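Below is one structure; the comments refer to it alone.
The values are calculated or read from the model by the stated rules, or taken from the named source; none is laboratory data. Bear in mind that the values here come from a model prediction, so they are computed numbers and not experimental data. Cβ placement follows ideal geometry from the backbone for every residue including glycine, while neighbour counts extend to all protein chains displayed. In case anyone asks, the SASA skips ligands and DNA or RNA and just uses the protein heavy atoms, side chains included. Shrake-Rupley method; radii C 1.70, N 1.55, O 1.52, S 1.80 Å.
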Amino acid sequence: MASTAGKVIKCRAAVAWEAGKPLVIEEVEVAPPQAMEVRIKILFTSLCHTDVYFWEAKGQKPVFPRIFGHEAGGIVESVGEGVTDLAPGDYVLPVFTGECKDCAHCKSEESNMCTLLRINTDRGVMIRDGQSRFSIHGKPIYHFVGTSTFSEFTVVHVGCLAKINPDAPLDKVCVLSCGISTGLGATLNVAKPPKGSSVAVFGLGAVGLAAAEGARIAGASRIIGVDVNPRRFLEAKKFGVNEFVNPKDYQKPIQEVLAEMTDGGVDRSIECTGNIDAMISAFECVHDGWGVAVLVGVPHKDAVFKTHPMNVLNERTLKGTFFGNYKPRSDIPAVVEKYMNKELELEKFITHEVPFSEINKAFEYMLKGDSLRCIIRMQE
């Protein structure tokens with residue numbers, strides 16, 4: 001791949017020209033990486049609900065034309081000036097947030113919220129120079145969360161790339177670059193359920209099922225799935241969920257139902273819907289004295305979390321998490337190794353696969369609620 005280093009590459013990309021309209025496969029020009037940037041060849045990418053949310057652009061600033069995509073696996077094609085820990089041929093997972101390794105957050109053992117490379121959904125350009133690396137006939141096509149993996153080649157800041165084991169199958173581990181790690185880490189790194197404990201998971205989409213998988217790995221004995229869609233219950237059994245509660249089946253608040261089921265409350269809860277009422281229920285359903293609730297879902301911008309202060313004073317703990325508290329460069333390679341060592345199962349998250357030319361089918365599957373993760377094969 002070295003022959004293309006320093007040159008503009010022409011390749012296919014799925015361009016979103018306007019909100020909610022099918023993506024169009026176009027020939028785009030991808031500029032060489034600048035200082036602290038890396039150009040990668042994407043081999044596999046997958047569709048996450050966040051892509052769909054910003055493609056629909058119903059509740060936030062629309063930025064178009066744009067190349068979406070942020071869950072992916074690829075190979076380094078070339079590196080820009082100053083990049084020392086990656087080289088052409090390395091296997092990488094691009095991540096929507098980063099790790100500069102220099103800021104206060106990166107130096108903290110407790111935080112993964114890098115000051116320089118924290119997610120910015122409004123920015124459609126590279127932070128180096130405020131320019132896009134994508135263009136069609138000289139006109140810029142905007143980036144998405146610094147990754148834009150719905151393109152055969154993309155340019156990413158070095159701090160947003162996890163270098164992984166070259167033996168890892170990219171068509172499987174690509175799903176670790178967003179949703180699966182978010183749910184898994186929320187349980188393993190933040191909730192930390194003791195062996196034999198009870199865990200309630202609110203929302204059984206891909207992130208919630210990853211949280212349940214984390215509870216299974218941790219050795220929780222009761223993993224209670226909470227969802228208003230009973231179709232999800234059968235699938236959830238594969239992820240260790242062994243009890244199910246549908247809030248629609250009860251007249252009373254679901255936190256009261258869970259407290260009755262568990263002699264006072266669950267030991268841990270993980271909220272993966274972003275629904276404010278579910279967030280409050282997830283907190284109020286944990287046991288006093290030791291219960292811990294972890295919020296993962298992103299709420300509506302006007303949402304307000306309300307609970308009686310006694311719920312906190314009675315020694316319940318409320319925590320939040322971002323990307324499962326994983327630092328992308330430092331921690332994600334070890335999560336890949338969990339898969340390689342068969343501690344973590346990824347195949348069960350992958351429900352569909354399509355060639356790049358049929359990428360719009362992936363959107364259809366997700367909008368219908370048929371898929372957890374749909375893998376998109378970039379090289380046909």
Which of His70, His308, Asn165, positive extreme of dipole for the chain (C-beta unit charges): His70
Peptide ranges 107-120, 213-226 listed from the most packed, as the mean C-beta count within 10 angstrom indicates: 213-226, 107-120
Going by amide H atoms built from the backbone, whose H comes under 5 Å of the H on Lys319, apart from near neighbours? Ala293, Val294, Leu295
Where the Cα pairs of the range 60-196 fall when distances are cut into 5 Å bins, in %: 2, 9, 17, 21, 21, 15, 9, 3, 2, 1, 0, 0
Can you pull the three principal axis extents for the Cα set of the range 266-380, in Å, largest first? 58, 35, 24
Given +1 on the Cβ of Lys and Arg, -1 on the Cβ of Asp and Glu, and no further charges, what dipole in debye does the chain carry about its Cα centre, rounded to the nearest 20? 300
With the 1.4 Å probe rolled over protein heavy atoms, the chain has an accessible area per residue in Å² of 42
Quick calc: nm separation of the 7 Å Cα→Cβ label points for Glu235 and Ile75 -> 3.2
By the mean-Cβ-within-10 Å protection proxy, highest first, 238-247, 65-74 rank as 65-74, 238-247
Per residue of the chain, what 222 nm ellipticity follows from adding -39500 (n - 2.57) for every DSSP H run with n ≥ 4, rounded to the nearest 500? -6000 deg cm²/dmol
Once the piece of chain linking Val52 and Val304 is laid out straight, how much longer is it, given 0.36 nm per residue of separation minus the C-alpha distance between them? 88.3 nm
Rounded to the nearest percent, how much of the accessible area of the range 284-379 (1.4 Å probe, protein heavy atoms only) is carbon and sulfur? 52
Quick check on the range 113-252: take the gyration tensor over C-alpha atoms, sort the square-rooted eigenvalues as a ≥ b ≥ c, and tell me if it's rounded (a/c under 1.5), prolate or oblate. prolate
Where the accessible area of the range 103-223 is counted over protein heavy atoms with a 1.4 Å probe, how much of it, in %, is carbon and sulfur? 49
Long-range amide H partners of Glu353 with built H, under 5 Å: Ile375
At 4 °C and 1.567 mPa s, what whole-number value in µm²/s does Stokes-Einstein give for the translational diffusion of the range 60-138, with Rh from the Kirkwood sum over Cα pairs? 87
Roll a 1.4 Å probe over the protein heavy atoms and report the accessible area of Trp17 in Å², nearest 10. 110
On a full-extension model of 0.36 nm per residue, what is the gain between Asp129 and Asp263, subtracting their alpha-carbon distance, rounded to one decimal in nm? 42.5 nm
Ratio of Rg to Rh for the chain, alpha carbon only, Kirkwood? 0.98
For a paramagnetic label modelled at 7 Å from the Cα of Thr115 toward its Cβ, which residues of the range 153-187 fall within the zone defined by backbone nitrogen distances under 18 Å? 159-160
Among DSSP beta bridges lying fully in the chain, give the percent that are antiparallel, nearest 5. 55
